[in-house]
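To start, the structure itself, in structure tokens.
Taken together, the values in this text are just the output of simple stated rules run on the coordinates, not laboratory data. Predicted, not measured: the structure shown is a model, and the values here were computed from it. Using ideal geometry, Cβ is built from the backbone for each residue, glycine included, and neighbour counts are taken over all protein chains shown.
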Amino acid sequence: MSNIIWKIKTFDEFTVPELYAILKARIDVFVIEQNCPYPDLDNNDQKGIHIWAEENGEILAYCRVFDKGIKYDETSFGRVLTTEQARGKNLGKQLIRYAVETIENRFHTSEIKISAQDYLLRFYSEFGFIDTGKKYLEDDIPHTEMIRK
């Protein structure tokens, strides 16, 4: 029996334990696991909507979504992760579905631009994202800009 709870909150709605758990998950995945020191605390969390799955206070999957004009001219989402213990359970797919729905419902658009790690291009294409051909290194990791109309 799974006790997974999905939450969608603005920055001001976070409890302190929720914020701590999310930042810990982001650092565990992006800094430690991917061996990539980067400025995770970029002052954009305050402008985003945060979506995550948790079980007994542990983060399983997470992302943050933004309205137009914060990251790109289009709406966007980022910091997409599934924690190590939660992989292989399709939580990532559920997370992206929730991210797209949240953008459509709150920002009234289906146009979304993302910066995808290259190994996830096929994953995102399942949700209607198209490779723009714009490729770049972000924190030494190959990324591709993708857009969904």
Full-extension gain in nm, residue 104 to residue 131, via 0.36 nm per residue minus C-alpha separation | 7.7 nm
Given 0.36 nm per residue, what is the gain on full extension from residue 27 to residue 42 after removing their alpha carbon distance, in nm?
-> 4.1 nm
Amide hydrogen neighbours beyond the local backbone of residue 59, cut-off 5 Å, H modeled | none
Between the alpha carbon centres of the stretch 26-62 and the stretch 72-149 the gap in Å comes to 15
Radius of gyration and Dmax for the chain's Cα atoms, expressed in Å?
-> 14.6, 43
With the convex hull built on the Cα atoms of the stretch 41-103, state its orientation-averaged projected area in nm².
-> 4.5
Assigning unit charges at the beta carbon (Lys, Arg +1; Asp, Glu -1) and nothing else, what dipole magnitude in debye, to the nearest 20, does the stretch 44-125 show about its Cα centre?
-> 140
Gain in span if fully extended, residue 87 to residue 117, counting 0.36 nm per residue against the direct Cα distance | 9.1 nm
Simple spin-label estimate for residue 149 and residue 16 in nanometres, 7 Å along Cα-Cβ = 4.9
With contacts defined as alpha carbon pairs under 8 Å and 6 or more residues apart, what's the relative contact order of the stretch 5-111 in percent?
-> 24
Packing-based ranking, highest mean first, of 9-17, 109-117 given that Cβ atoms within 10 Å are counted | 109-117, 9-17
Rounded to the nearest 500, what is the chain's calculated 222 nm mean residue ellipticity when only DSSP H runs of at least 4 contribute -39500 (n - 2.57) each, over all residues?
-> -6500 deg cm²/dmol
Under 18 Å Cα-Cα from residue 149, which aspartates and glutamates qualify once same-chain neighbours fewer than 8 residues away are excluded?
-> 67, 73, 74, 101, 104, 111, 126, 131
